[in-house]
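See below for the structure under consideration.
The values are calculated or read from the model by the stated rules, or taken from the named source; none is laboratory data. Keep in mind that what you see is a predicted model, and the values were worked out from it rather than measured. Here the Cβ positions follow ideal geometry from the backbone for every residue, glycine too, while neighbour counts run over all protein chains shown.
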Amino acid sequence: MKKVLIIDDDVDICMLLNRYLSKNGFHVEEAFRGENGLKMLIKENFDVVLCDFRLPDFNGLELIKEIRKHRPQTQVIIITGYSDVKVAVKTLKSGAFDYVTKPIQPEEILLTIKSAMEMSPGETAAPVASGKSKSSDKNSSKTSKGGGDKRQKYGEYYYVKGASSKATQIHQSIELIAPTDMSVIILGETGTGKEVAARTIHAKSKRSDKPFVAIDCGALPKELAGSELFGHVKGAFTGAVQEKPGSFELANEGTLFLDEIGNLSYENQIKLLRVLQERVIKKVGGTKDIEIDVRVLVATNENLKNAVGNGTFREDLFYRLNEFRIELPPLRERKSDLMEFAHYFLELANAALDKEVEGFDEKVVEKMQNYYWHGNLRELKNVVKRATLLSSGKNIDLSCLPDEIIHPSFIAFKNDENDEEITDLKSVAERAEKRAILEVLKKTGYNKTKTAEILKVDRKTLYNKINAYNIDLG
């Protein structure tokens, strides 16, 4: 029996992976710290080590080095954080077989483990420059419930097309723009799948075999944003002990996705504009220009035209990025797609939780169709996963749904995408959204943090909507 050692300080991940891999014929051991994992590895030989990159006492690079020292025949697979391509490249260079990204999918890990066992020790699953696994089935497709080729698999994720008129329009836009090198602005509320759309554009482009690098501009500290995007030279600032490549270098010849572009500082907006115009970057503290070839896709959940108007976003940068625009509607405006997404998320939840739930009761479908879905697809995914965990039968019933869906504080407008009497659906949805925000604000005593939690959006999104709808906070 092949043996796998899991090293991760997340007890839940260890438990889920242990159960899943054990059922697939592996002998599995767990360690919650790098030191304990190494001790187990020295005492006992394992075929594969699956370990988190960030542990309380080790990082992935240090752990790979130690494992190579004691067990050179053992293959190492690293679990990295969200879209952390830089980490992935470093681990492959350090001798890891491959990497998987969070949120983890047990089926993906199983496939990676099996691939690792088929290769010689020290051989990686992917060329370091590309950051993509050879085992990625870029062109495979999967048929969803209801029949038809409605999903396409790109690397490690599925793009669910949907059947509504809005879904068709989005798909046609992606098919049209993907083969070009044009910049794209992807608009949509939090949780509508902006990064999935960006990854799909990349996967369908001529750059699909090159890196895709995703950066959340909203999470970049202002003082470090320049270094993260453009890199820095040794000694550029306190703590710059060695030269560092930026995201543009890591994405060279591929695609760079800048999420929440509106949060980029004015100074870095100027630098970004220069990169787009001249196709060169200059590292922080550096003196020479470095030529780069990167396609830039950006996303935002705010109105960039308003940002241009109030002076927080450069007009020339906006028009340079706005070569093509794709708007992802909120889930409440594409209810005919809802259950297709729900069945897809059910498949993911079954795999992650080692369950075999088959579907949804009719009453559950009705409640889900009538719910407002403040957090869009992200909220739907979490609700389905929780319901799958709680379900004890073949189908998810009402007892598995959270109270806010069974007894919503307000009812969303019902709409039919083919109803010709509705002339401005967006305005109807915006009025409903404004009413919902006002209602929750009143219930929480205008506590914006609590309101954001109840509506399942981040504080920045809530602030943007309060400003956009001119809501008086008193």
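Given E260, E228, E243, which one is out of contact with any helix residue (DSSP H, G or I) (no Cβ under 8 Å at 6 or more places or on another chain) and either in the same structural domain as T300 (by TED's automatic domain parsing) or modelled with pLDDT of 90 or more (or both)?
On the way: E260 fails: out of contact with any helix residue (DSSP H, G or I) (no Cβ under 8 Å at 6 or more places or on another chain); E228 fails: out of contact with any helix residue (DSSP H, G or I) (no Cβ under 8 Å at 6 or more places or on another chain).
Of the residues listed, the single one that is out of contact with any helix residue (DSSP H, G or I) (no Cβ under 8 Å at 6 or more places or on another chain) and either in the same structural domain as T300 (by TED's automatic domain parsing) or modelled with pLDDT of 90 or more (or both) is E243.
Which of the residues spanning the range 221-232 are surrounded by 15 or more Cβ atoms within 10 Å (Cβ to Cβ), within 15 Å of L272 (Cα to Cα) and not polar (S, T, N, Q)? Residues satisfying the conditions are A225, G226, E228, L229, F230, G231.
Which one of S409, S392 is modelled with pLDDT under 80 and assigned to a loop (DSSP other than H, G, I, E, B)?
Values: S392 fails: modelled with pLDDT under 80.
The match here is S409.
In the set (1) under 30 Å from K210 (Cα atoms); (2) in contact with a Phe, Trp or Tyr (Cβ under 6 Å, 6 or more places away or on another chain), the condition left unmet by L331 is number (1). Of all the numbered requirements in (1) assigned to a loop (DSSP other than H, G, I, E, B); (2) within 15 Å of A178 (Cα to Cα), A198 misses one, and that requirement is (1). One residue alone among Q269, Q242 is surrounded by fewer than 16 Cβ atoms within 10 Å (Cβ to Cβ) and outside any strand (DSSP E or B), and that residue is Q242. Here the condition is being surrounded by 15 or more Cβ atoms within 10 Å (Cβ to Cβ) and touching an Asp or Glu at 6+ places or on another chain (Cβ under 6 Å); of G34, G60, it holds for G34 alone. Restricting attention to the range 1-18, the residues being assigned to a helix (DSSP H, G or I) and either more than 13 Å from I109 (Cα to Cα) or under 23 Å from the mean Cα position of the chain (by Cα) (or both) number 7.
Quick one: which residue in E44, E66, E30, E62 is charged (D, E, K, R), modelled with pLDDT of 85 or more and within 25 Å of V213 (Cα to Cα)? It would help to see each step written out before you state the result.
On the way: E44 fails: within 25 Å of V213 (Cα to Cα); E66 fails: within 25 Å of V213 (Cα to Cα); E30 fails: within 25 Å of V213 (Cα to Cα).
None of the others qualify; the one that does is E62.
Search the range 16-31 for residues being in contact (Cβ under 8 Å) with a residue 40 or more places away in the chain and hydrophobic (A, V, I, L, M, F, W, C), and hand back the single one that is surrounded by the fewest Cβ atoms within 10 Å (Cβ to Cβ). The extreme case among them is L16.
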